[in-house]
Amino acid sequence: MTILNTNKILRFYFIALSTGLTVSACSAEPVDTAYSIEESDTSQSYQLGLNYYEGKSIKQDYNKAFELFQEAANQGYPQAQFQLGVMYYEGEGVSEDKNKAAQWYKKAAEQGLADAQNKIGVKYFYSEDVERNYDKAIKWFKKAAAQGHPEAQFHLGEYYTNIEGSPIDYNQAIEWYRKSAEQGFYPAEFNLAALYYKGIGTEPNYSEAFKWYKKVADKGHAPAQFQVAIMYYDGLGVKQDYKKAFELFQTLEDEGYASAQHNIGAMYEKGEGVKQDYKKAAQWYQKAAEQGYSLSQNDLGSLYYSGRGVKEDYDKAFELYTKAAAQGEALAQFNLGEMHYYGDSVAQDYNKAYEWYQKAADQGYQDAQDRIDEMISEGKITR
């Protein structure tokens, strides 16, 4: 039985999350309203366009929104220029045109609008309709980040940690992730937590890791909820609490989260935070195994092998080990070696046993290497 502890820095792909739009719920049914706007009043034109765009107090109308944004944009209003870029990019109220979108984004960016600067950075960073160019992306991200734009700050953190060919600098990554995380930008919160958890660019700090994972978990982010559960399970950065860990794993199970299903099974198998119950352990392993989860395939195979919670069945165990081993699961590779070694469900075959032991040993599984050394010393194989 194996509790899975997965933790890695995630890369997030965003397209200008912060668009400058403010969305609010209206209790009344939207109605069309006549307005008299002086052409020179660009701020009012933009605001009325925004109302039409959102359907805020008036009936949503992308065509009218586009006209009003264009009126304000042509008079140099950067927020309207950015919104024209959004509408050209999405094909809202106008035919989709990525080139015109980029032109309007650039006009707004050159006037210092952080949303537009970030958007251009994203285009170059992720090669959206342009050739990837990290230098240009970072230039625009830094302009937006200097104005406190959380997504741009996050992308700078990414640049210094994840990007092939980038100048890896974990101190800068932590600095930028923290600036973004302190504004509540959850991808930055998650990645900052991961750096503290793994001690990348800093000493491991489980209390800080737990704090940031918990912030993201409270927003309903499943990977963060999983990591918080693991930290409760291990007692890292927080007092060990199997019951809380179990509850969080159950919450994730409702979403079909295979690793959570596996860990529920492992806790039933070991009687941690819940009464030991091999039958329930098998049921939970089965759920995850059906999703192709290799650890659960292996651990369910072990229950069939030992007859705990299910009827002893070497053939079923062999089948499950084989599925897990095909995915590179070292435990399953070792277990297949054991079945060939002892002749369980298959004819005894030291050579085949050795082949499976070697696969597991190549992944650093010491028990497999010990078994190989034993077989050589006993003359069961010659290598």
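The values are calculated or read from the model by the stated rules, or taken from the named source; none is laboratory data. What you see is a predicted model, and the numbers here were worked out from it, not measured in a lab. So basically every Cβ, Gly included, is an ideal-geometry build from the backbone, and we count neighbours across all protein chains shown. Keep in mind that these areas ignore ligands, DNA and RNA; they rest on the heavy atoms of the full protein, side chains included. Shrake-Rupley method; radii C 1.70, N 1.55, O 1.52, S 1.80 Å.
See the values below:
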read-out: Selection count where residues are of a type outside the set (Asp, Glu) and under 15 Å from the mean Cα position of the chain (by Cα), scope region 181-213; value: 12
read-out: In region 210-236, the residues that are under 16 Å from SER180 (Cβ atoms) and either in a helix (DSSP H, G or I) or of a type in the set (A, V, I, L, M, F, W, C) (or both); value: LYS211, TRP212, TYR213, LYS215, VAL216, ALA224
read-out: Residue that is most open to solvent (accessible area, probe 1.4 Å), among those in region 106-132 that are polar (S, T, N, Q) and within 20 Å of ALA73 (Cβ to Cβ); value: GLN111
read-out: Complete set of residues in region 258-283 that are more than 17 Å from LYS323 (Cβ to Cβ) and among the hydrophobic types (A, V, I, L, M, F, W, C); value: ALA260, ILE264, ALA266, MET267, VAL274, ALA281
read-out: Residue count for region 213-247, restricted to those that are touching a residue at least 60 places away in the same chain (Cβ under 8 Å) and among the acidic types (Asp, Glu); value: 1
read-out: Pair list, Cβ under 8 Å, 6 or more apart: region 351-362 residue without any contact (Cβ under 8 Å) to a residue 24 or more places away in the chain, other residue open to solvent by 50 Å² or more (accessible area, probe 1.4 Å); value: ALA361/GLN369
read-out: Test result for ALA288, touching a His at 6+ places or on another chain (Cβ under 8 Å) and open to solvent by less than 30 Å² (accessible area, probe 1.4 Å); value: yes
read-out: Test for GLU203: is it of a type in the set (Asp, Glu) and not in a loop (DSSP other than H, G, I, E, B); value: no
read-out: Residue tally, condition open to solvent by 50 Å² or more (accessible area, probe 1.4 Å) and either among the acidic types (Asp, Glu) or closer than 17 Å to GLY112 by Cβ (or both), over region 48-84; value: 5
read-out: Cβ-Cβ under 6 Å pairs, at least 6 apart or on other chains, region 248-265 side of a type in the set (D, E, K, R), far side buried (at least 24 other Cβ atoms within 10 Å of the Cβ); value: GLU253/ALA260; GLU253/GLN261
read-out: Top-ranked residue of region 343-383 - restricted to ones that are charged (D, E, K, R) and in contact with a helix residue (DSSP H, G or I) (Cβ under 7 Å, 6 or more places away or on another chain), ranked as farthest from GLY328 (Cα to Cα); value: LYS380
read-out: Filtered residues of region 135-164 (kept if surrounded by fewer than 17 Cβ atoms within 10 Å (Cβ to Cβ) and either touching a strand residue (DSSP E or B) at 6+ places or on another chain (Cβ under 9 Å) or closer than 28 Å to GLU96 by Cα (or both)); value: ASP135, LYS136, LYS139
read-out: Every pair of residues 6+ apart whose Cβ atoms lie under 7 Å, when the first sits in region 269-296 and is of a type in the set (D, E, K, R) while the second is in a helix (DSSP H, G or I); value: GLU269/TYR278; GLU269/ALA281; GLU272/TYR242; ASP277/TYR268; LYS280/TYR268; LYS287/GLN261
read-out: GLU272 being open to solvent by 70 Å² or more (accessible area, probe 1.4 Å) and either within 30 Å of ALA347 (Cα to Cα) or at pLDDT 95 or above (or both); value: no
read-out: Qualifying positions in region 175-208 - open to solvent by less than 20 Å² (accessible area, probe 1.4 Å) and free of Cβ contacts under 8 Å to residues at least 40 places away in the same chain; value: TYR177, SER180, ALA181, ALA188, GLU189, LEU192, ALA193
read-out: Members of region 319-375 that are closer than 18 Å to TYR305 by Cα and polar (S, T, N, Q); value: THR322, GLN333, ASN335, SER345, GLN348
read-out: Flag for PHE125 being more than 19 Å from the chain's Cα centre (by Cα) and under 18 Å from LYS106 (Cβ atoms); value: no
read-out: The listed residue being open to solvent by 70 Å² or more (accessible area, probe 1.4 Å) and under 30 Å from ASN335 (Cβ atoms), out of GLN297, GLN261, GLN283, GLN227; value: GLN283
